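Remarks on the structure that follows.
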Amino acid sequence: MISKLFINRTGPLHGRVTVHGAKNAVLPIMAACLLTEERSIVENVPRVSDVLLMADILRGLGVAVDLSGDVLTITPGQYAGTVAPYELVSRMRGSICVLGPLLAKQRTAQVSIPGGCVIGARPIDLHLKGLQRLGATIATEHGYVTATAPQGLRGAQIHLAGMFGSSVLGTGNVMMAATLAHGTTMIEHAACEPEVSDLANCLIAMGARIDGHGSPLIRIEGVPQLHGVRYRIIPDRIEAGTLMIATAMSHGDVWIDGVRIEHLAAVTDKLREANVRVEELDSSVQVSAGSFTQAADVVTLPFPGFPTDLQAQMMALMTISRGVSVLTEKVYPDRFMHVAELNRMGAAITREGSTAIIKGVGRLSGAPVAATDLRASAALILAGLAADNQTEVSGLDHLDRGYENLEGQLTQLGADIRRVREPDETEK
Ligand code: EPU
């Protein structure tokens, strides 16, 4: 079966909606559970296919995993597995984050090299460099990276900067491995993303000794072992941002609950510049937009900059905003597959290298469009809310990787969205 979303233009979104737990926090935290034999319980887990895939990777290593509601129970026991195979890793590049914990705990790990994807090359050189500095021997052959450290890892000073800045999962991988290393590790140019801090907080709750997380310099004092944990995942700032932009595009008025406002500062700032009102109250934001939104220039950057994972959605907003916006992608310079699809809907976007110039057109027109990656799929749905007639979005496997029931959340706010399952050509 293949699924499509049919979206009809609706009036302003209004009401309240609650954000799920962060996909990009839970994936490395699931991998962190490999660092102990004891059972861990992870709460506020989004039911998205990337989480289910990571659960399969852990099961393939011999770990018991159970997802019940939004609670994940992970019981490694004395698991013996050390291999994350191509069939699973190629479907989710984030699965590279099992490399560090496996290496630290099992002293050997074999993980398929993830390869590129539609959003760009996605190399893993920083992950490997960091683990090598911790004393691992790394070999890459037959499409796999094999890391070994028969005597265990040892702390080191590691500079983790790449061509495009820091690496989120690279920092996570090295930090996880260093928790069980002998001695002290300093990670310089560490990623400061809230998901890295969430991972660090979870590791600390497991008995790790870490400080400086959330800053570019993380210090890890190795300990002999970690223990099981009960841990609650932070709210998904990208889901929150997607709902904020959806509200702006529909000229709506929506309360978004269960957010961490401090994770959304760059997004809030840009939305205000675009003539959108954002009021912050404890763990909620109220977003409201009047009759028009205004062009804004955006540069995506590592946290606390504007997140690349909201670039496509922000571009959708700019297509219907007054004036000309310039959007520069500094994290994944090729993450522009959605441009052609938005232009199919009547947008006026031209691309020059890693910059897109978006001339506001006022109204989009509904069309059949195909999602090319997770965040592009969200952008097309948002565009559909603001387009005349019907928009038909295919490629929903991308959406389902990282959003738990986005269409349900939008429907709850008054959107007219329907998911239709049809047999594909091979099943007819
Ligand atoms: N990079 C290197 N070498 C490396 C690793 C990364 O050059 O060894 C480059 C990348 O090519 C990119 C930049 O560094 O240009 C940043 O990549 P990063 O490593 O930070 O990305 P990631 O950790 O693989 C996570 C998220 C992505 C998100 C990025 C950036 C997960 C599972 N994935 O990926 O999320 O875009 O950080 O914030 O946490 C998404 O959710 O849609 C998504 C793609």
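The values are calculated or read from the model by the stated rules, or taken from the named source; none is laboratory data. Since the model is a prediction, treat every value here as computed from it, not as a measurement. Here the Cβ positions follow ideal geometry from the backbone for every residue, glycine too, while neighbour counts run over all protein chains shown. The area values use the complete protein model at the heavy-atom level, side chains included, leaving out ligands, DNA and RNA. Shrake-Rupley method; radii C 1.70, N 1.55, O 1.52, S 1.80 Å.
Observations on the structure shown:
- The calculated FRET efficiency for the pair Tyr86 and Gln294, based on their C-beta separation and a Förster distance of 51 Å, comes to about 0.60.
- Between Leu364 and Asp388, the built amide H atoms are under 5 Å apart, and every one of these is 5 or more places off in sequence or on another chain.
- Counting only lysines at least 8 places from Lys270 when in the same chain, those with an alpha carbon closer than 19 Å to its own are Lys330, Lys359.
- Dipole of the chain [Lys/Arg +1, Asp/Glu -1 at C-beta], most positive-end residue of Ile234, Val326, Ala109: Ala109
- Taking all protein chains into account, the per residue accessible area for the chain stands at 38 Å² (1.4 Å probe).
- Residues Val118 and Thr18, FRET efficiency given R0 of 45 Å [Cβ-Cβ distance, rounded to 0.05]: 0.90
- Anchor Lys105: lysines whose Cα lies under 23 Å away (excluding residues fewer than 8 positions away in-chain): Lys129
- Site pair Ser215 and Gln132 shows an inter-label distance of 2.9 nm when each label is modelled 7 Å from Cα along Cα→Cβ.
- Near the amide H of Val298, within less than 5 Å, lie the amide hydrogens of Val326, Leu327, Thr328, all on another chain or at least 5 residues away, with H placed in the peptide plane.
- Candidate cross-link partners of Lys4 among the lysines, defined by an alpha-carbon separation under 20 Å and a same-chain spacing of 8 or more, comprise Lys428.
- Per-residue 3J(HN,Hα) values for the stretch 287-304, derived from phi via the Karplus relation 6.51 cos²θ - 1.76 cosθ + 1.60 with θ = phi - 60°, read 10, 9, 10, x, 6, 9, 10, 10, 4, 8, 9, 10, 10, 7, 8, x, 4, x Hz in sequence order (x marks Gly and Pro).
- The amide H of Ile2, built 1.01 Å from its N in the peptide plane, has Glu422, Asp424 as neighbours under 5 Å, considering only residues 5 or more places off or on other chains.
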